[in-house]
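Q: Take this structure first; my questions come after.
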Amino acid sequence: MADFVGSANVFGADVAQALLGKRRSFAVRQENIQVSAAGSAKLDGGLQLQGELLAVQFLGASQRLEVQVGSQVITALQEDRASASGSFIERNVVEPGQPVALQWRAQHMVMLDD
């Protein structure tokens, strides 16, 4: 239960079937989803969906990104990182309508009872 304090994206059975081969809904917290350029290589041990960027909201030390994936809007929360590579937002000019990839590691998924 403590894993769900805060906000999470719930992915339906159709997305689960396409990604995992199982029709079982799952959730991933916003801060565990990385947004990268469309066509980016998958994270090691990660899962990836393609979508269209709808909005970017700058929240001081982080950005909230809304991405359309099929009929669902997925929210990712990315913190600014003090690193040479920076975040996707810092490295790229991002605008609504831009294709992006959503990525997360399998251990960040919480399987739900349908």
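Q: Give me the one-decimal nm value for the distance between modelled label points at Ala13 and Val73, 7 Å along each residue's Cα-to-Cβ direction.
A: About 2.6 nm separates the two model spin labels.
Q: Which trypsin sites (Lys or Arg not before Pro) in segment 1-80 sit in a loop by DSSP (not H, G, I, E or B) and have at most 13 other Cβ atoms within 10 Å of their own Cβ? Spell out each step's value before the answer.
A: Working: sites: Lys22, Arg23, Arg24, Arg29, Lys42, Arg64; in loops: Lys22, Arg23, Arg24, Lys42.
Taking segment 1-80 and a limit of 13 other Cβ atoms within 10 Å, the loop trypsin sites (Lys or Arg not before Pro) found are Lys22, Arg23, Lys42.
Q: May I ask you to derive the FRET efficiency for Asp113 and Leu20 from their Cβ-Cβ distance with R0 = 25 Å, giving the value to the nearest 0.05?
A: Taking R0 as 25 Å, the efficiency between Asp113 and Leu20 is 0.95.
Laboratory data are not the source of any read-out in this text; all were calculated from the coordinates shown. Remember, predicted model here, so these are calculated numbers, not experimental data. As a convention, Cβ positions derive from the backbone with ideal geometry for all residues, glycine included, and neighbour counts pool all protein chains shown.
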